[in-house]
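Just so you know, all these numbers are worked out from the coordinates, no wet-lab data involved. Just so we're clear, the structure is a prediction, and the values are computed from it rather than from any experiment. Glycine gets a Cβ as well: all are built from the backbone with ideal geometry, and neighbour counts include every protein chain shown.
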Amino acid sequence: MSSSEFTKKQTNQRSVTVIGDPALAAWEIVSVVSSILIAEWILSAVAELSKLIVAVPVALAFAFMFFSHRVRKETLRDLGFRFDNFVRAILLLLLPMLAVSILLVILRRWSGERMDFLRWHTGTPLIVRLVLGWGWGLAQQYVLQGFLNRRATNVLGRGWPSILLTAAIFAGLHLPNAWLVAVTFMGGLIWAAVYQRAPNLFALAVSHSLMTWVVVSTVPASALHHLRIGFSYFG
């Protein structure tokens, strides 16, 4: 084989890798999102038979994500389970969180209704709810950022296209609850943008928990519809 033929073969191999990787990443996004939608819309309809059945596609999605990380040799640090950039991520989150909070407070006061910052599960101490919210937020941010955002970046590159895709997926998973779709799209934009600059899931989980508290405290309960999504929204 001549040197020119060898160089041409190498170029072709690189091209296949570049084209194939985004295609694989897109398929991975569709696979995980489909599993979550199946749990939300199809299996939840028969959850009366066994609530554990809803967990099956979710568990399979997590297993798939873990396998994908292993194949791609992504470490916990790569995904954002780290502390070295925690402060930077928090600082990036502060201003947009404050802006969204002020906007929600203004809208609530404009509606003439009283805000209740202790409304979030009144039977449980607020600090307990915030800690539990942090854990639930960490799980969601891992899926949203540690997997979907990273794969969206593989497909569309860093920047607004992948940020918008990540936010749109997050909002879509909260259908048909219109208020949650709106606030999760807004939150998704902020979290995806911050993650691409300072990937820290612990900081995002803090933001997720605090913003959930603010939303529950400011948005009318009738609009939130008990935070229900998917098929259970109609229950």
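Numbers at a glance
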quantity	calculated
Extreme residue, positive dipole direction of the chain, given options Leu210, Ile90, Leu156 (C-beta unit charges)	Ile90
D (Stokes-Einstein, µm²/s), Kirkwood Cα radius, the chain, 1.306 mPa s at 10 °C	82 µm²/s
Kyte-Doolittle at least 0.5, axis length at least 15 Å by Cα - qualifying DSSP helices, the chain	52-72, 86-111, 126-141, 160-172, 178-197, 201-218
Sequence-separation-based contact order of the chain, relative, with Cα cut under 8 Å and 6+ spacing, percent	30 percent
Gain upon complete extension [Ser31, Arg72; 0.36 nm per residue less C-alpha separation]	13.1 nm
Residues Leu103, Leu144, Leu204, sorted so that the one with the fewest Cβ neighbours within 10 Å comes first	Leu103, Leu144, Leu204
Unit charges on C-beta of K, R, D, E only; dipole of the chain, Debye	420 debye
Mean projected area (nm²) of the alpha-carbon convex hull when segment 94-218 is viewed from all directions	7.7 nm²
Distance from segment 52-102 to segment 134-154 (C-alpha centre basis), Å	4 Å
Gain on full stretching of the segment that runs from Leu60 to Val105 - 0.36 nm per residue minus C-alpha separation	12.3 nm
